[in-house]
Amino acid sequence: MFDLSGRVALVTGASRGIGRATAIALATRGAWVAVNYATNSAAAEETLAAMRTAGGDGELLPFDVSDAAAVTVAVEDLVLRKGPLAIAVANAGLNIDGLLLRAQEEDFDRMLATNVKGTFFLAKASVRSMMKARFGRIIAVSSVVGAMGNAGQSMYAASKSALVGMMRSIAREYGSRGVTANVVSPGFVETDMTAGMPEEARKKLLGMIPSGRLGRPEDVAAAVVYLASAEASWVTGQVLGVNGGMRM
């Protein structure tokens with residue numbers, strides 16, 4: 001099951017955290033994976049090396065997801081060189097916390113540019129190739145915060161909840177062409193974003209999670225692998241929560 005051999009995949013923000021784990025998981029299942037990053041080339045190289053150690057392969061593909069032209073050029077060139085893009089994972093994200101009264105418009109604009117427009121640009125650039133091949137998987141990485149809300153994260157929550165409506169609309173537009181569009185919605189995961197959390201806040205958070213632990217990037221990557229597979233061909237326009245039961 002979940003054999004991705006011969007599929008070309010692209011994972012944005014794949015130099016660390018959930019993106020890194022996703023790139024490795026897809027490669028392990030046989031996909032050839034383009035590892036996108038914006039600035040951290042050393043971390044992206046480590047992701048590629050880990051993919052190859054796991055028996056997979058791919059290449060580095062640097063571009064800024066908020067730059068529409070850069071996304072289009074990168075995807076079109078990838079398709080010319082490697083063939084149809086089968087799996088596009090919009091994982092690159094930006095989080096800037098701030099209470100509503102202290103929130104800055106420029107910070108909100110930056111998050112929307114990366115989290116929302118970046119996902120839109122990737123989907124738009126990818127879908128033409130997918131339509132021609134009559135197979136495509138567009139997967140957006142959202143957050144449980146987009147569904148629940150969280151104090152100090154109104155901007156971030158807005159950017160992540162927007163992905164649900166976007167994917168459901170794409171699912172309706174291209175379902176007849178063999179293209180699915182879904183959302184993976186992680187809970188609180190052990191990544192750079194949660195590493196600096198105060199111990200008291202961590203304890204309070206764990207008390208809200210029935211499974212009793214924070215997630216691992218690999219937990220989310222496993223959900224992406226499923227949605228990317230042929231076995232998920234009848235799953236589209238859905239939100240798959242990976243949160244240890246924090247939101248049911």
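Key figures for this structure:
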item	result
Cβ-Cβ under 8 Å pairs, at least 6 apart or on other chains, the stretch 46-74 side more than 12 Å from Ala23 (Cβ to Cβ) and in contact (Cβ under 8 Å) with a residue 12 or more places away in the chain, far side open to solvent by 40 Å² or more (accessible area, probe 1.4 Å) and of a type in the set (S, T, N, Q)	Gly55/Thr28; Pro62/Ser41
Set Ser161, Ser169, Ser185, Ser229: member being buried (at least 23 other Cβ atoms within 10 Å of the Cβ) and within 19 Å of the chain's Cα centre (by Cα)	Ser185
Filter result for Ala34 (in a loop (DSSP other than H, G, I, E, B), open to solvent by less than 20 Å² (accessible area, probe 1.4 Å) and either within 25 Å of Val242 (Cα to Cα) or out of contact with any helix residue (DSSP H, G or I) (no Cβ under 8 Å at 6 or more places or on another chain) (or both))	no
Selection from the stretch 37-77 of residues that are in contact with a strand residue (DSSP E or B) (Cβ under 9 Å, 6 or more places away or on another chain), assigned to a helix (DSSP H, G or I), of a type outside the set (A, V, I, L, M, F, W, C) and under 23 Å from Ser229 (Cα atoms)	Thr47, Arg52
Residues (crowded, with 22+ Cβ neighbours inside 10 Å and in contact (Cβ under 8 Å) with a residue 40 or more places away in the chain) located in the stretch 1-16	Leu4, Arg7, Val8, Ala9, Leu10, Val11, Thr12, Gly13, Ala14
Evaluation of Ser211 against (1) in a loop (DSSP other than H, G, I, E, B); (2) in contact with an Asp or Glu (Cβ under 9 Å, 6 or more places away or on another chain) (one fails), failing number	(2)
2 or more residues hydroxyl-bearing (Ser, Thr, Tyr) and touching a residue at least 12 places away in the same chain (Cβ under 8 Å): qualifying helices (runs of 4 or more DSSP H) within the stretch 100-178	118-133, 154-174
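The values are calculated or read from the model by the stated rules, or taken from the named source; none is laboratory data. These numbers were taken from a predicted model, which means no experiment stands behind them. Counting neighbours? That spans all protein chains shown, and the Cβs are built from the backbone with ideal geometry, glycine included. Accessible surface is based on the protein model in full, side chains and every heavy atom, while ligands, DNA and RNA are left aside. Shrake-Rupley method; radii C 1.70, N 1.55, O 1.52, S 1.80 Å.
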